[in-house]
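Everything on this sheet refers to the single structure shown next.
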Amino acid sequence: MVYWVNEMKSDKGASKEFLLSSAKPSRAIIKLAVPATLALLAKAVYNIVDTAYIGMLDSDIALAAVGVTLPLLLIMVSVENIFAAGASVLAGRQLGADDKEGANRTVTTIVGISMLIGIGLCIFGILFMEPLLRAFGASDAVLPQAKDYAFWMFVASLFNLPAQSLNCAARAESSVKISSIAVITGAALNVALDPVFMFSWGLDMGVEGASLATTVSQFVTYGILLWFYLGGRSIIKVKPRYFKCSGKLVWDVVSIGIPTAVIQICLALATSLTNIAAKPLPDSDLIIAAYGVVQRLILIGCYVIMGFMQGYQPVASYAFGAKNEARFHESVHFALRGALLLTVTVAAVYIVLAQPLILLFNRNPAVVEFGRWLLISQVALYPAFGLCYMMTITFQTIGSSKMGLFLSLIRQGLLYVPFIVMLPGVFGVSGIYFSQPAADMLTILICVFLIKPMKRIASSNMATDKRPLEKAGTANQI
């Protein structure tokens, strides 16, 4: 009986590795991307459901309170991604090079470090909550409810960080089914718990109840992933004996993961600066409330693209680790076309349905009008996001972390910041509308210019880099 179970596990592992190593890249990417996208969309439910239920409280202040916590959420996600995305790429390369021991060591070490960092984030966030929220645009009217919501966000960091590392490990070995089950279960639980915790017929906790419900749901997601890995059901094994906190390993993971994290940090910075730019304007709290709704809708579009990239990344990482140049470039071409098609589709849906989507969360005519134009402006040139994100992932995969870092900085960092700082002072709220399209236009031009160098560097690195993969994590950088 034990032999039969072990054989089943072995067959499943072989099937997963066949998908990464031998299946047609387009088929492998789609097969991995579909459940990953569904899982991320379920994750978006955490934010959307909270915002929708908070909208039922008939309080613009409550919506604004949730809006000013978004930069904090994005910063915490960026910290998660430094380790999770880096471990995913490095473990994927190690699997491609048939170094399963190295993959076990990478993932186990990063999960352990993530637990420690989660504790630190929780303590720091709770101690410095008020100055952080004020820095991100909270007014005196908004601050009390923003603190209620943020408290449970910081508590959730205790298990969100290790959960994200486990989730990315599942992605690296193509175990996307368990990832989807974990996230979708958590999202469904959140939908059920929100009204119970928030409204008067339940616990009557208001905004705080929405955050607590999300925290409980995310803990359940972590529990499912932990069960999967501790139960020995995975290709990559997470066991104490594989924990090895060497400076080299940590640096290799961090250097790969920083570009993905920087994208989230820049999004947090852009959100914060937009809130700050709105504060001197008439109806500032209404603009911030509308922008909070828009950013949560935008996250859905982001998750569609990110889910597709989560299908692309393990296939590309495995091909790069195995030095299969033809398969790698075929994966890149398919991912590039797919990213552009998806972003155009998302943009079209948001532009056509902008007003009805905002009405789902708020009926105040002023909030709806601000939200409609904010949403349209955010996606007017949305292919910039897909192109830039896809190229960032690719540069990470081929070991060119410096170029990946540069691309992760440009769209909502180096290019967006000057526009959002200057234009609202000249054009008022229209300046906020113009800032993202202006930054996106420049982003597209830069990315198009870098496509050929990206392919050339990938070919060069696969042809010349013969060192052990763990040591090659930061090699051949531009």
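The values are calculated or read from the model by the stated rules, or taken from the named source; none is laboratory data. All of these numbers come straight from a predicted model, not from anything done at the bench. Positions of Cβ are generated from backbone atoms using ideal geometry, with glycine treated the same way; all protein chains shown enter the neighbour counts. Side chains included, ligands, DNA and RNA excluded: accessible areas come from the protein's heavy atoms. Shrake-Rupley method; radii C 1.70, N 1.55, O 1.52, S 1.80 Å.
The stretch between Leu360 and Lys177, if pulled fully straight at 0.36 nm per residue, gains 62.8 nm over its current Cα-Cα span.
How would the range 147-225 be classified by its alpha-carbon gyration tensor: rounded, prolate or oblate, with rounded meaning a/c under 1.5 and the a/b versus b/c comparison settling the rest? Oblate shape, in that a/c is at least 1.5 and b/c is the bigger or equal ratio. Extension gain for Ser460-Lys239 works out to 76.0 nm (0.36 nm per residue, less the C-alpha to C-alpha distance). Per-residue ellipticity at 222 nm, computed for the chain from helices alone with -39500 (n - 2.57) per DSSP H run of at least four residues, works out to -28500 deg cm²/dmol.
Highest mean packing first, where packing is the average number of other Cβ atoms within 10 Å per residue, the peptides 346-352, 237-243 line up as 346-352, 237-243. One chain, two ends: Leu414 and Arg27. Fully extended at 0.36 nm per residue, the span grows by 135.7 nm beyond their Cα-Cα distance. Probing with 1.4 Å while keeping every protein chain in the model, the per residue accessible area of the chain equals 38 Å².
By accessible area, using a 1.4 Å probe on protein heavy atoms only, the chain has 70% of its surface on carbon and sulfur. Inter-part distance, the range 111-156 to the range 264-334, computed on C-alpha centroids, equals 22 Å.
Pairs from the table (Lys100/Lys323; Lys31/Lys455; Lys177/Lys237; Lys100/Lys402) lying more than 21 angstrom apart at Cα are Lys31/Lys455; Lys100/Lys402.
Per residue, the convex hull spanned by the Cα atoms of the chain amounts to 132 cubic angstrom.
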